[in-house]
Structure formats: C-alpha cells, structure tokens
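These notes concern the structure reproduced below.
The values are calculated or read from the model by the stated rules, or taken from the named source; none is laboratory data. Not measured: the values here are computed from a predicted model. All Cβ positions, even for glycine, are placed from backbone atoms using ideal geometry, and neighbour counts span all protein chains on display. For accessibility, only protein heavy atoms count, side chains too; no ligands or nucleic acids. Shrake-Rupley method; radii C 1.70, N 1.55, O 1.52, S 1.80 Å.
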Amino acid sequence: MNRRSPSLDPVQAARWIRRRHPTAPGVGIVLGSGFGPIAEAIPDACTIPYSEIPGFPVGGVKGHSGQLILGRWHGIEVAVLAGRAHFYEGFDMSTVTFSTRVLAALGIRDLLLTNAAGGIRRGLKPGDFVAISDHINFLGTNPLRGPLATGRERFVDMTAAYDPELRSRMLRVAKNLGMRIREGVYLAVSGPSFETPAEIRAFRTLGADVVGMSTVPEAIVARQCGMRVAGLSCITNVAAGLAGPNQSLSHGEVLDVAREVAPRATRLVEAWIQG
Ligand code: HPA
C-alpha cells in the first residue's frame, strides 16, 4: 500500500500558506540530513508545521523535522523545507513531490536540494561536499508518471537539470570558504536498505559519484515546473564495501557525521544565498 496525502492540491496548499503568511519567496531550500540548522539561521522566520498545511505529507524520519520556514535571509525571501517525505517511507511519488509543487505554486524560481549521501568516487571523504552536476534515476519509477498536471509538459527535458550557473556559484563560494567540494553525479536508490558492495561497484561503473535516497524526484518535478535546480550532497560515509571488508553502515553514523558537518553546511548555504 502506498501512503497518500488526503488532499493533493498543491495550489490550494500554497494559497493556504500565503493566507497564513503573506510571502513571495524566490528561493526554496530543501534541508536533508546535515543541513537542519539552516532552519534556525533565518531571523524572524515564520515556521509552519507540515501537519497544519492542507495535503502536506508528514514524513517520520529521525533527523528531519517537518516544518516550512518562511523568511528573509540576507535580503532574499526564502522558503525552507526542513524535512522531506521519502519514497522509502512508502509514500507514492506524487506525495513525495507534493512539497516541490507547493514551492512552485508559491513562485519559487531557484530550488536548492540538499541531502546526505554515500561517497562512491575515490577520494570522497565524510564531511566533503558535492555539487550535483547530473543524476541517475535508479528508483525504478518517475514522479511524472500518471495524470499530467494542468499546464505542465509531459516529456520534460533533463539535459541540464542541475543549473550550471547555480552550481558554479556553489563551487565558488565553497572555495572562498576553504571547503572541500567536488562536482558529481548523484544516483538515487529507493532504500531504505543501504546498498551492497556489488551494487556500489555497479553504480561506479555506471558513472555515479555519490548515492542517496532522495533529491531525484524533487529535481524532476522542479524541472517540469520550470524552476532552476541546484543539488548539494554532504558526504556522510564512504559507500558500502569501499572502506574495507569490516565496514558496516548505519543511519546513526550518517546522522553523527551530519551533525558534525552541520555548522559548515549552514555557512556554505548561507554564502550561496548571498551569491
Ligand atoms: N547510501 C544511500 N543513501 C545514503 C548513504 C549511502 O551510503 N549515505 C547517506 N545516505
């Protein structure tokens, strides 16, 4: 059984949000593990729990808080999603991407998708950042499958899904801050099990640099909605099998590294916002 939200009208949800807090945000930020403290960095923000927004899915993963934060950050009107619904929680794709459509309906033009990921490419270490240059959808499905949303394109171009200008800004500000950052291809798996070493070897052969369980559905829907997309991974672990035969992986380890990285991740995104 797929988990569905009771109401699936993102335009209605956006109207509800605007009534609650008149706002015209231009930039959206989705916070993955490790990026949570960004939610507290925005001064005088309006915080709305997902559970109050009509139709908004409430995910239940440790480390993801479930709030929409609206405010002005360094002079830019932002909408921040602290927490996301994951496919592995059993939500169907339209529910996983409901919040992306709400951001589009709020008028977001640039969307930064952040996540924790496992490093596949040699040399990637926990604590490194990767600006996503492209993705491989290994989820076995596509969020645009099914009825076509009104006014949207059926066959969406994904040639430059991750906007080169937003990405080069990320690389530049990271370098200025002295932070290790690479560009790389993000491969999305459904999870929730971690990958086997054989899968990781296969993904490396396919051209993946990092692996994670989110971001790709949101990026696809954001492109359909005409948003510019930036993706930023925080490497929390070396992917399965690459750290030797005695390596094991746990969500606790992912969260521990994410917590450690959080202050740097916040500084990086803050610098990116300022351009
Ligand atoms: N695999 C998949 N998702 C992840 C990982 C990983 O190794 N690390 C953090 N998210």
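Data for the structure
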item: Listed residues 230, 248, 194: farthest to the positive end of the dipole of segment 10-274 (Cβ charges); result: 230
item: Protein-only accessible surface order, largest first, of 152, 167 at 1.4 Å; result: 152, 167
item: Cβ-Cβ FRET estimate between residue 44 and residue 109, R0 fixed at 30 Å, reported to 0.05; result: 0.85
item: Nonlocal amide H pairs with residue 183, under 5 Å, H built at 1.01 Å; result: 131
item: Which of 236, 159 is most accessible, then next, and so on - probe 1.4 Å; result: 159, 236
item: Residue-averaged 222 nm ellipticity for the chain, from DSSP H runs of 4+ at -39500 (n - 2.57), nearest 500; result: -9000 deg cm²/dmol
item: Neighbour cut-off at most 16 other Cβ (10 Å), DSSP loop, chymotrypsin sites (Phe, Trp or Tyr not before Pro), segment 71-165; result: 155
item: Rounded if a/c under 1.5, otherwise prolate or oblate - segment 69-140, Cα gyration tensor axes; result: oblate
item: Tilt relative to the chain, helix 10-20 - C-alpha long axis, 0 to 90 degrees, to 10; result: 70 degrees
item: Between helix 197-206 and the chain: long-axis angle, C-alpha atoms, 0 to 90°, nearest 10; result: 70 degrees
item: Rounded to 10°, Cα long-axis angle of helix 251-274 versus longest principal axis of the chain; result: 60 degrees
item: For the chain, built as a Gaussian network whose Cα springs stay under 10 Å, the top-fluctuating residue of 154, 182, 223; result: 154
item: Percent antiparallel among DSSP beta bridges (both partners in the chain, rounded to 5); result: 35 percent
item: Amide proton proximity set for residue 229, modelled H, under 5 Å, gap of 5+; result: 111, 163
item: Residues with amide H under 5 Å from that of residue 240, placed H, sequence gap 5 or more; result: 195
item: Hull-based mean projected area of the chain, where the convex hull spans the alpha carbons, in square nanometres; result: 13.6 nm²
item: Cα centroid separation, segment 172-211 to segment 21-79 (Å); result: 25 Å
item: Cα-centre dipole for the chain with unit charges at Cβ (Lys and Arg positive, Asp and Glu negative), debye to 20; result: 280 debye
item: The chain: most fluctuating residue of 176, 246, 237 per GNM, C-alpha cutoff 10 Å; result: 246
